[in-house]
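Novice: One structure, pasted below without further comment.
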Amino acid sequence: MDRLLSVSMLSSNFGKLDDNVDMVNKSEADWFHLDIMDGVFVPNISYGLPIIRTIAAKALKPLDVHLMIVDPDRYLEVFKEAGAQLLSVHYEACIHLHRTLHRIRALDMKAGVALNPHTSVELLSDIIQDVDFVLLMSVNPGFGGQVFIEHTYNKITRLKEMIVKSDSPALIEIDGGVNQRNAECLYAAGADILVAGNAVFSAADPQQSIKELKV
């Protein structure tokens, strides 16, 4: 399948949000990646529903919403109404993950499971058929601009083997420390979707950076 790039708006300048959304719209990026942090599940607070609604009103590409919050089941409908088209919840935050995934799909969103760096992909073996995409965190969640964890390559390989063996439709998304130096290796290892924020918004030419990340 085609290589996909989801631009993380956490690294954008929120004082120029309209300009940033317009840039992503005009770029070769495929999705907007929106990180929702509650200060409990991760040691940081990001942005909430008003920002998502603002981006959704202007976005010409799907919203890929990543919930880094406790008890995400309380908010599935809320994020759907705010404009999410893809919604990922953390394995570590869901007591009844199978139920949560099916609720997300019932709301007509793509259902994703996110795994922290320490969480084994083998824990998904019993629900991999119920997942549209798996979001592997390649940094410890909570802050942008962190250094990529090299062990992620091994996790990608193992997860891809599981997906192929089970004939699952799940895609593999990588979030954290993605840049032009490791993008090609990540795709080669089996990743389908890369999330990039700092590598895009710190570049002199963000649109060119996005293009380079998809080569």
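Novice: What ranking of Cys185, Cys94 emerges when the number of other C-beta atoms within 10 Å of each C-beta is taken as an exposure proxy, fewest first? Numbers along the way, then the final one.
Specialist: Numbers: Cys185 11, Cys94 19.
If I rank by nearby Cβ atoms, fewest first, I get Cys185, Cys94.
Novice: Once label points are set 7 Å from the Cα along Cα→Cβ at both Lys58 and Val147, what is their separation, rounded to one decimal in nm?
Specialist: Using points 7 Å along Cα→Cβ, the separation is 3.5 nm.
Novice: Hey, another quick one. Taking amide H atoms as placed 1.01 Å from N in the peptide plane, list the residues 5 or more away in sequence, or in a different chain, whose amide H sits under 5 Å from that of Ser8.
Specialist: His33, Ala196, Gly197
Novice: State the extension gain, in nm to one decimal, for the chain segment bounded by Leu49 and Glu161, taking 0.36 nm per residue of separation less the distance between their alpha-carbons.
Specialist: 36.7 nm
Novice: Let me ask something else about it. Which ³J(HN,Hα) values in Hz, rounded to whole numbers, follow from the phi angles of region 97-107 under the Karplus curve 6.51 cos²θ - 1.76 cosθ + 1.60, where θ = phi - 60° and Gly and Pro get x?
Specialist: 4, 4, 4, 4, 4, 5, 5, 4, 5, 5, 8
Novice: Provide the net charge surrounding Leu4, with neighbours chosen by a C-beta distance below 11 Å and charges set as Lys +1, Arg +1, Asp -1, Glu -1.
Specialist: Values: positive: Arg3, Lys61, Lys214; negative: Asp2, Glu28, Asp30, Asp64, Glu173, Asp192.
Neighbour charge sum, excluding Leu4 itself: -3.
Novice: What number of lysine-lysine pairs in the chain show an alpha-carbon separation below 23 angstrom, given a sequence spacing of 8 or more or placement on distinct chains?
Specialist: 23
Novice: Please give the FRET efficiency for His102 paired with Glu28, using the beta carbon to beta carbon distance and R0 = 35 Å, rounded to the nearest 0.05. Please list the in-between numbers first.
Specialist: On the way: r = 33 Å, r/R0 = 0.95.
According to the calculation, E is roughly 0.60.
Novice: Please rank Val42, Val164, fewest neighbouring Cβ atoms within 10 Å first, as an exposure proxy. Walk me through the numbers before you get to the answer.
Specialist: Numbers: Val42 20, Val164 10.
Going from least to most buried by this count: Val164, Val42.
Novice: How large is the Kirkwood hydrodynamic radius of the chain, counting all unique pairs of alpha carbons, in Å? Show your work: numbers first, answer last.
Specialist: Numbers: mean 1/r = 0.0587 Å⁻¹.
In the chain this quantity evaluates to 17.0 Å.
Novice: Further question: Quickly estimate the mean residue ellipticity at 222 nm for the chain, helices only: each DSSP H run with n ≥ 4 gives -39500 (n - 2.57), and the total goes over all residues, rounded to 500.
Specialist: Values: 8 runs with 71 residues, N = 215.
Here the helix-only value at 222 nm equals -9500 deg cm²/dmol.
Novice: Something else now. Neighbour counts of other C-beta atoms within 10 Å: give me Ser6, Ser12 arranged from fewest to most.
Specialist: Values: Ser6 28, Ser12 22.
Exposure proxy ranking, most exposed first: Ser12, Ser6.
Novice: Applying the Karplus parametrisation 6.51 cos²θ - 1.76 cosθ + 1.60 with θ = phi - 60° to the phi angles of region 154-160, what ³J(HN,Hα) value in whole Hz is obtained for each residue in order, glycine and proline being reported as x?
Specialist: Karplus values, whole Hz, x for Gly and Pro: 5, 5, 4, 4, 5, 5, 4.
Rule-based calculations on the coordinates, nothing more; no lab input. Nothing here was measured: the structure is a model prediction, and the numbers come from that model. Note that we place each Cβ from the backbone using ideal geometry, even for glycine, and neighbour counts take in every protein chain shown.
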